[in-house]
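The structure is given below, and queries will be raised subsequently.
The values are calculated or read from the model by the stated rules, or taken from the named source; none is laboratory data. Bear in mind that the values here come from a model prediction, so they are computed numbers and not experimental data. Note that each Cβ is placed from the backbone with ideal geometry, even for glycine, and that neighbours are counted across all protein chains shown. These area figures cover heavy atoms from the full protein model, side chains too; ligands, DNA and RNA do not enter into them. Shrake-Rupley method; radii C 1.70, N 1.55, O 1.52, S 1.80 Å.
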Amino acid sequence: MIQMLLRFVLSIPVIAICINLLVMAESKHEIVLFSDVEWEQLNPARGDKSPAAGTLWGNRSGLEPTGFLVKFVDGFSSPPHIHNVTYRGVVISGHIHNDDPNAEKMWMPAGSFWTQPVGETHITAAKGSYNLAYIEIDKGPYLVLPAKEAFDSGERPINIDESNIVWINQRGNSTNAVELKMAYLWGKPHSGKFYGAFVKLPTSLTVKIHNGGSTFHAVVIKGPLQYHTSEAEVTNMNPGSYFNSTGKSVHKVSNKIKEDIIIYVRTNGKLEFTH
């Protein structure tokens, strides 16, 4: 009996390793560095006046959900127009204005969040030496249409300046008292459906992000972030860089700068953090 018990106890580490390997086998990870993003015209009909767009995941021309980056030159201002789909936006760098054509300019800085309802007439403008935003749609294709085709879908736009983001301390969702924080932006967290949130990592923090859903997308909004591709290898990810996973997964990241790092996350699972 004692020998059987000893054999069982000694086998526990082996079982744990096998379970970890199984989880890793079921989960697929991908990293896209900002320096590797391929750029094209967001609206080819405008030629050289079009902002540049770089797809991070999905396909803007297809039917699936998609996330992509948009670069605006200083002083850019679009003509009034509509889109065939609702989109969400996060300012990564510079200042972006997105509103009714007659509205006073509301310049949103880095870390701000906005939504643009389908069918609503609006303009988009930018100011600053370097203007970059992340755009996300739940269903494609993403099209730019003339303002004369405008209609009221019942949705209303949201413009949240970075200073008005509401942060929630995650001490109860973490193994450490370090004040890692989240800000829920859209959707219903932990409902099994997709939602979007900011994750804020304080300086000198290394954390494992555990995703319990089937899909995980993350974009570095403020960085650079250090992403641990293995126990011995770390990749620096500048703002605009992206990482994802399918299946239940774990991502190990670090903040080695003297400022907070912000990540935008889209997932349909509960997020938990270990240090």
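Using a Förster distance of 25 angstrom, determine the FRET efficiency expected from the C-beta separation of T246 and H275, and round it to 0.05. All intermediate terms of the calculation are to be shown ahead of the outcome.
Numbers: r = 25 Å, r/R0 = 0.99.
So, using R0 = 25 Å, E works out to roughly 0.50.
Rounded to the nearest percent, how much of the accessible area of the chain (1.4 Å probe, protein heavy atoms only) is carbon and sulfur?
Details: 7880 of 14060 Å².
Within the chain, the accessible surface is 56 percent carbon and sulfur.
At 0.36 nm per residue, and after removing the present C-alpha to C-alpha distance, how many nm does the segment from N102 to K139 gain when stretched out fully? Display every interim value, and only then the final one.
On the way: separation 37, 0.36 × 37 = 13.32 nm, distance 2.86 nm.
Roughly 10.5 nm would be gained on extension.
Report the relative contact order of the stretch 33-116, percent, no decimals, based on alpha-carbon pairs under 8 angstrom and at least 6 residues apart.
Details: 103 pairs, mean separation 15.4, N = 84.
After rounding, I find 18 percent.
Taking 0.36 nm per residue of separation and subtracting the Cα-Cα distance, what length does fully extending K148 through K188 add?
Contour length minus Cα-Cα distance gives 11.0 nm.
Let me ask something additional. Arranged from highest to lowest average of other beta-carbon atoms within 10 Å per residue, in what order do the peptides 208-221, 62-75 appear?
Details: 208-221: 21.2, 62-75: 17.8.
Averaged packing, sorted descending, gives the order 208-221, 62-75.
Let me ask something additional. Is the C-alpha gyration tensor of the stretch 97-153 telling us rounded, prolate or oblate? Criteria: a/c under 1.5 is rounded; beyond that, a/b larger than b/c is prolate, otherwise oblate. Each step should come with its number before you reach the end.
Working: a/c = 2.07, a/b = 1.37, b/c = 1.52.
It comes out oblate by the Cα gyration axes.
Is the shape of the stretch 140-275 best called rounded, prolate or oblate, per the rule: a/c under 1.5 gives rounded, else a/b larger than b/c gives prolate, else oblate, with a ≥ b ≥ c the square roots of the Cα gyration tensor eigenvalues?
Since a/c reaches 1.5 and a/b is larger than b/c, the shape of the stretch 140-275 is classed as prolate.
Past 29 Å, Cα to Cα, is the threshold; run K139/K258; K139/K248; K139/K222 against it and keep the listed order. Write down the numbers at each step before the final one.
Working: K139/K258 38 Å; K139/K248 23 Å; K139/K222 26 Å.
Beyond 29 Å between Cα atoms: K139/K258.
Ratio of the stretch 47-176's C-alpha Rg to 2.2 N^0.38 Å, to two decimals? Mind showing how you got there, number by number?
Working: Rg = 15.5 Å, N = 130, 2.2 N^0.38 = 14.0 Å.
With N residues counted in the stretch 47-176, Rg over 2.2 N^0.38 Å equals 1.11.
If you take the beta carbon distance between K258 and R171 as r and set R0 to 25 Å, what does 1/(1 + (r/R0)^6) give as a FRET efficiency, to the nearest 0.05?
Values: r = 22 Å, r/R0 = 0.89.
It comes out at approximately 0.65.
Follow-up. Among the listed pairs K28/K193; K28/K49; K71/K148; K105/K200; K127/K270, give every one whose C-alpha distance is greater than 30 Å. Don't skip to the answer; put the middle values down first.
Values: K28/K193 20 Å; K28/K49 38 Å; K71/K148 26 Å; K105/K200 28 Å; K127/K270 37 Å.
As for pairs spanning more than 30 Å Cα to Cα, those are K28/K49; K127/K270.
With the convex hull built on the Cα atoms of the chain, state its orientation-averaged projected area in nm².
Values: hull surface 69.4 nm².
Over all viewing directions, the chain projects a mean Cα-hull area of 17.4 nm².
Can you give the net charge of the other residues whose Cβ lies under 9 Å from the Cβ of G187, counting K and R as +1 and D and E as -1?
Values: positive: K188, K193, R266; negative: none.
Counting the neighbours of G187, the net charge comes to +3.
Report, by chain and number, residues whose modeled amide H sits under 5 Å from the one on Q41, excluding near sequence neighbours (fewer than 5 apart, same chain).
Excluding prolines and chain starts, which carry no amide H, the hits are A53.
Here is a follow-up. From the P(r) of the stretch 99-218, can you give the percent of Cα pairs sitting at distances over 26 Å? Could the numbers behind the result be given before it?
Details: 2497 of 7140 pairs.
Distances greater than 26 Å cover 35 percent of the Cα pairs.
Okay, moving on. Just the number, please: Stokes-Einstein D of the stretch 175-219 in µm²/s, Kirkwood Rh from C-alpha pairs, 10 °C, 1.306 mPa s.
Values: Rh = 12.1 Å.
Answer from the Stokes-Einstein relation: 131 µm²/s.
Run through the stretch 89-143 and list the trypsin sites (Lys or Arg not before Pro) located in a DSSP loop whose Cβ has at most 16 other Cβ atoms within 10 Å.
Numbers: sites: K105, K127, K139; in loops: K105, K139.
Answer in residue order: K105, K139.
What percent do you get for the relative contact order of the stretch 177-229 when only Cα pairs under 8 Å and 6+ apart count?
Working: 35 pairs, mean separation 14.1, N = 53.
Dividing the mean separation by the residue count of the stretch 177-229 yields 27 percent.
Largest first and in whole Å, give the semi-axes of the stretch 42-94's equivalent ellipsoid, each being the square root of 5 times a Cα gyration tensor eigenvalue. Mind showing how you got there, number by number?
Numbers: eigenvalues 72, 41, 27 Å².
Gyration-tensor ellipsoid for the stretch 42-94: 19, 14, 12 Å.
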